[in-house]
Amino acid sequence: MNNISNKFAGDEAPDLTSAEFRARKAIVQQVEKWCDDHANEPKARIYKNQWSPILYKYEIVKTSAKTERDWGHLLFTDMTLSYFMLVMTFPQACNCGNLSHHDYGALTRYHADRFMSLLVYLHEEWDWGPNPRWVRATYVTPAEGLRLAPDFLDNIGAQTPGEDLKDGRPPIYVATADSFSPSLFPNELEKIDNTVARGSTTKNRKGAGVRERVLGSKEDRPDVSAALRGKNMRQCGFCQEAKELSELRLCAG
């Protein structure tokens with residue numbers, strides 16, 4: 001399991017802005033404290049009440065993220081790789097409409113569905129990992145002090161799929177293996193197949209016909225503001241400068 005806690009041991013990271021780094025670090029520390037506080041409870045909510053952060057800025061498959069809308073943020077798993085928490089970190093919403101809670105909610109649900117689509121496909125098509133149970137997702141902004149609502153961490157018993165709305169906190173979304181919006185694209189499935197087939201000699205494709213269960217359309221992507229559809233900037237491995245994806249290959253030293 002790839003625990004990325006050490007990524008936030010310092011004060012910055014080259015592939016995150018200062019605001020992104022501070023927000024993600026605050027969430028990692030909050031979840032770590034929750035795990036410490038609940039480690040010895042006789043009735044665990046998940047296995048030993050332990051969450052491990054495994055991703056802090058991810059795309060479904062390499063080069064699939066073309067704009068800011070396409071990146072997932074902070075992902076945690078329990079020790080059995082059956083339960084997942086997704087936390088999106090966003091800037092303060094503004095009245096001009098460029099950054100809105102409506103967009104934040106739509107993106108959070110979208111990424112929860114996409115990650116569950118990936119888990120279902122890997123498990124049922126390629127026999128990878130245990131049966132995924134749920135992805136529980138929410139978002140934070142500076143308005144919440146970059147802190148998760150207490151019930152996001154505490155109320156993780158039996159999960160009801162869908163949206164949980166409550167005044168005073170961002171929505172909580174739950175996607176389960178039986179209830180999610182299919183949202184992987186054909187080219188992503190092809191890349192996933194190639195990656196799994198190339199990466200292991202022991203994985204036999206089950207061919208369970210799950211492709212149609214997870215296949216979505218680009219037209220189903222959330223219609224968010226232009227501020228969240230901007231071009232991606234990635235750090236060049238050679239010059240260390242942030243560049244648009246199309247320009248990275250031009251920098252060869």
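The values are calculated or read from the model by the stated rules, or taken from the named source; none is laboratory data. Predicted model, so just to flag it, every value in this text is computed and none were measured. We place every Cβ from the backbone using ideal geometry, glycine too, and count neighbours over all the protein chains shown.
Worth a mention:
- Test: residue in segment 192-205 that is under 20 Å from W126 (Cα atoms), in contact with a strand residue (DSSP E or B) (Cβ under 7 Å, 6 or more places away or on another chain) and at pLDDT 90 or above: no
- Segment 38-86, residues that are outside any loop (DSSP other than H, G, I, E, B) and at pLDDT below 95: Y47, K48, N49, T67, E68, R69, D70
- Residues of segment 117-148 satisfying the condition of being touching a strand residue (DSSP E or B) at 6+ places or on another chain (Cβ under 8 Å) and over 24 Å from Q30 (Cα atoms): S117, L118, L119, Y121, P132
- Neighbours by Cβ (under 7 Å, 6+ apart or cross-chain): first from segment 102-114, within 14 Å of K218 (Cα to Cα) and in contact (Cβ under 8 Å) with a residue 24 or more places away in the chain; second crowded, with 20+ Cβ neighbours inside 10 Å and among the hydroxyl-bearing types (S, T, Y): Y110/S183; D113/S183; R114/S183
- Subset of segment 100-131 [in a helix (DSSP H, G or I) and aromatic (F, W, Y)]: Y104, Y110, F115, Y121, W126
- D151 meets all of the listed conditions (1) loosely packed, with under 14 Cβ neighbours inside 10 Å; (2) in contact with a strand residue (DSSP E or B) (Cβ under 8 Å, 6 or more places away or on another chain); (3) touching a residue at least 24 places away in the same chain (Cβ under 8 Å) but one, namely (3).
- Which numbered condition A26 misses (of (1) touching a residue at least 24 places away in the same chain (Cβ under 8 Å); (2) farther than 21 Å from L146 by Cα): (2)
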